[in-house]
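Only the coordinates and a few stated rules stand behind these numbers; no lab work does. Predicted, not measured: the structure shown is a model, and the values here were computed from it.
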Amino acid sequence: MGDSSLQGDRLRREPERGLTAKEQEVAAWVARGLRNAEIGQRLGVTENTVKVHLRRIYQKLNCRNRAELA
């Protein structure tokens, strides 16, 4: 697991993982422990949009849930 800020930094440095900039941002907020509604507020998008980003992130990174992502 490790430090959540390091996780966000690592995601930003690894574009080969195929995450878009917005997906990287969502993943970084998840790693910091924010809920979907909080992430949506910070990014100016709906909670549903955050859920869509998370589904795509999980597929791309072969994760099943937030804990695996973090």
Report summary line: Length gained, Thr49-Cys63, 0.36 nm per residue minus C-alpha separation, equals 3.2 nm
Query raised in the report: What is the extension gain from Arg56 to Arg42, computed as 0.36 nm multiplied by their sequence separation minus the C-alpha to C-alpha distance, in nm to one decimal?
Result: 3.1 nm
